[in-house]
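All remarks here apply to the structure that follows.
A short reminder: the numbers here are calculations on the coordinates, not readings from a lab. Source: prediction; values computed, not measured. Ideal geometry is used to build each Cβ from the backbone, glycine not excepted, and the neighbour counts take in all protein chains shown.
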Amino acid sequence: MKLFFAILLSFFLLSGCQTIENKTDKIGKKEVKEISKFIQQPESELKIVMGEPDEVKYDDKGSKFFIYNKKKYGITCERKFEIDQSKMVIGVSSRGCF
């Protein structure tokens, strides 16, 4: 009987984790789709919509990265935009945003 309940409990826990994972994947895809609209847009357009970045980093290839941080429910959301030498957004990433 204990084995049956252990198996049943394991099933519910695993299916619950899968549901949470599916929801976070869906939210993550929506977030990336939303910020991807800035790809091939000028740096100035990004600043108009998002404001001044919280941090600017440079790499050795001449690209710069605008980093925007926001906290929601104690979780830090980081949006990173890669800008090439011609001041166009060429890449985006998002972490912890929902």
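Within the range 58-90, report the trypsin sites (Lys or Arg not before Pro) that DSSP leaves as loop and that have at most 12 other Cβ atoms within 10 Å.
In loop regions of the range 58-90 (DSSP not H, G, I, E or B), the sparsely surrounded trypsin sites (Lys or Arg not before Pro) are 61, 87.
Distance cut-off 22 Å, Cα to Cα: go down the list 33/61; 30/61; 30/71; 30/80 and report the pairs above it.
With Cα atoms farther than 22 Å apart: 33/61; 30/61.
Counting other beta carbons within 10 Å of each Cβ, put 90, 83, 75 in order, fewest first.
With the fewest neighbours first, 90, 83, 75 line up as 75, 90, 83.
Can you give me the distance in nm between label points at residue 47 and residue 30, each placed 7 Å from the Cα along the Cα-to-Cβ direction?
Rounded to a tenth, the inter-label distance reads 3.1 nm.
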